[in-house]
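See below for the structure under consideration.
The numbers here are math on the coordinates, done by the rules we state, and not lab data. This structure is a prediction, so every number in the text was calculated from the model and none was measured. Please note: Cβ atoms are built from the backbone with ideal geometry, for glycine as well, and neighbour counts cover all protein chains shown.
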Amino acid sequence: MKEGEDAVRLEEVHKVYYTSKLPVIAVNGVTLGIKPGEFLVLMGPSGCGKSTLLHLMGGVDKPTSGRVLIGGRNLVQLSDNELSDFRRDSIGFVFQSYNLIPSLTAFENIEIPMMIKGQKKKDRDIRIQEILRQIDLRDRADHTPSMLSGGEEQRVAIGRALANDPTVVLLDEPTGNLDQASGRAIMELVADLNRTKGKTLCMVTHDRALAAYGTRLVEMVDGKLKDGK
């Protein structure tokens, strides 16, 4: 990433889906930049296109038109294999559902992205211990998901997202399945990653109370950003 460059940059991004031959415009000409170390909260009602926009940022989906750049690299120009490798190495995902592998321990779930990348066992072990300290689960490392609370499972999911030290972490309603106290603890953890580790974050939510945890709020309605950009 060049000095002064956005960590995430969307330029005139459109996403159109076709159902029964009728176009459905999910994202309508969005231009948006996220600075390195920023914690952007993207908020809006259900169906406004915010999750679609997050998926476009993460290379999970491709825009109908426009450019999506992460660290200056245009995801639209990457092949499927290149995009898969880029997502693995540069983008961390945290979803409302934890998507942990039930038969694996917290340690092993966090380890998966590093194994896929081909990191050495010694390096993996050092990195996972560091992450377990960050997410405050050192005493739960050998626990499988069924032995963890919902908040602890989400902490493991966050740890997995951090495994390969991504350029940006994308969070889609990360507290949606949690009670209020657990959700607050998760948001404190996420905000701390931004404050103390300088992680660039983008979180989608419909809950205005969560916006206070971010450094910038952008609202979305009907596929567009509220300020028209």
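Around the Cα centre of the chain, unit charges on the Cβ atoms of Lys, Arg, Asp and Glu (plus for the first two, minus for the last two) sum to a dipole of about 340 debye. The value of relative contact order for the chain, using C-alpha pairs under 8 Å at least six residues apart, is 32 percent. When each of C202, C48 is scored by the number of other beta-carbon atoms lying within 10 Å, the sequence from fewest to most is C48, C202. Match the structure shown to one of the listed values (i) 0.95; (ii) 1.01; (iii) 1.18 of Cα Rg over 2.2 N^0.38 Å, computed from it, and give that label. Identified label for the calculated read-out: (ii). Only lysine pairs 8 or more places apart or on separate chains count here, and in region 8-225 those with Cα atoms under 27 Å apart total 29.
To make sure I understand, if each residue's beta carbon is the centre and we count other beta carbons within 10 Å, what order do H143, H55 fall in, fewest to most? Write down the numbers at each step before the final one.
Values: H143 16, H55 19.
Ranked by crowding around the Cβ, least crowded first: H143, H55.
In percent, rounded to a whole number, the relative contact order of region 108-229 is 22, using alpha-carbon pairs under 8 Å and six or more apart. Working from Cα pairs under 8 Å separated by at least six residues, relative contact order for region 61-173 is 41 percent. Remark: K120, K21 ranked as K21, K120, counting other beta-carbon atoms within 10 Å and listing the fewest first.
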